[in-house]
Amino acid sequence: MGRKAGFRKAGVWIVLVVLIGWPAYRIYGYMTQHPASYDAAMLLYQVSQFQIELLNSSLAEAAKAGATDELDSLRVAAYSAHYTHERLAMAVGDGKLTRLDSIERLVQVVIRLQIGGERAIKPEEKETLAKASAMFKDMYEGYGKLLSSSGKVVSSQSDKLAKLDAELDEWLQKRLLR
């Protein structure tokens, strides 16, 4: 009988350790950061950075396009970059990141160029795309420095990006009104 009581006592202790130890271990895991855990906003920033890089590349290629149907990839890249950046701004919160209105305006420019169907791109339209590409390149370079490695917004970069965005947006707006 002594042996049976010993097994019961050990069983009770094992159950207690599991019932108390496991939740305590899980709570400790939630309270401490593990190197394998990632910040969702930082991951979204990396995706947004990639989309901005694609847009920069598509915009450079669009300046060499001969026909409006060759601008499809630019339109999609601009829309994707704008959409992803908007989601990043919401994830970061509190209006810490500026909206990139120039990218939305770029989508409008491309749609306007394509609205008449497939046709040759005029020299002044190529010039517009080339100038937009040159202006956007500065935004692209600044975008890579927008968040620190800890995921905090670098306010000086955000201000610079906002200024460059406003300049490009205003310039594209003038081109749309022609």
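With all protein chains present and a 1.4 Å probe, how do 136, 7, 50 order by accessible area, largest first?
Heavy-atom accessible area, descending, gives 7, 50, 136.
For an R0 of 35 angstrom, estimate the FRET efficiency from the Cβ-Cβ distance between residue 131 and residue 43 and round to the nearest 0.05. List each step's numbers first, then the result.
On the way: r = 33 Å, r/R0 = 0.96.
With a Förster radius of 35 Å, E is 0.55.
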(message) Going Cα to Cα from residue 174, which lysines come in below 24 Å? Please leave out same-chain ones fewer than 8 positions away.
(response) 64, 122, 126, 131, 137, 160, 163
(request) Taking only protein heavy atoms into account and a 1.4 Å probe, give the accessible area per residue of the stretch 37-177 in Å². (result) 53
(request) Compute the signed sum of charges (Lys and Arg +1, Asp and Glu -1) over the other residues within less than 13 Å, Cβ to Cβ, of residue 160. (result) -3
(request) Can you quote the Å³ per residue value for the convex hull of the Cα atoms in the stretch 93-149, rounded to an integer? (result) 102
(request) Take the Cβ-Cβ distance between residue 170 and residue 70 as r, set R0 to 25 Å, and report the resulting FRET efficiency rounded to the nearest 0.05. (result) 0.40
(request) Take every Cα-Cα distance within the chain, group them into 10 Å bins from 0 onward, and report for each bin the whole-number percent of pairs it holds. (result) 9, 30, 21, 12, 7, 7, 6, 4, 2, 1
(message) Per DSSP helix of 4 or more residues, -39500 (n - 2.57); summed, then divided by the residues of the chain. What does that give at 222 nm, rounded to the nearest 500?
(response) -25500 deg cm²/dmol
(message) Pairs of alpha-carbon atoms within less than 8 angstrom and 6+ residues apart define the contacts here; what relative contact order does the stretch 32-120 have, in percent?
(response) 35
(request) Compare the peptides 94-107, 116-129 by average per-residue count of other Cβ atoms within 10 angstrom and give them in order, highest first. (result) 94-107, 116-129
(message) Given points 7 Å out from each Cα along the Cα-Cβ axis, report the residue 145 to residue 20 separation in nanometres with one decimal.
(response) 5.5
(request) Quick one: order 109, 18 from most to least accessible surface, probe 1.4 Å. (result) 18, 109
(message) Ignoring ligands, DNA and RNA, please state the percent of accessible area on the chain from carbon and sulfur, probe 1.4 Å.
(response) 59
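The values are calculated or read from the model by the stated rules, or taken from the named source; none is laboratory data. For clarity, every value in this text was computed on a predicted model and none was experimentally measured. In this analysis, Cβ positions are derived from the backbone assuming ideal geometry, glycine residues included, and neighbour counts consider all displayed protein chains. Areas reflect the complete protein model, heavy atoms only, side chains present, ligands, DNA and RNA absent. Shrake-Rupley method; radii C 1.70, N 1.55, O 1.52, S 1.80 Å.
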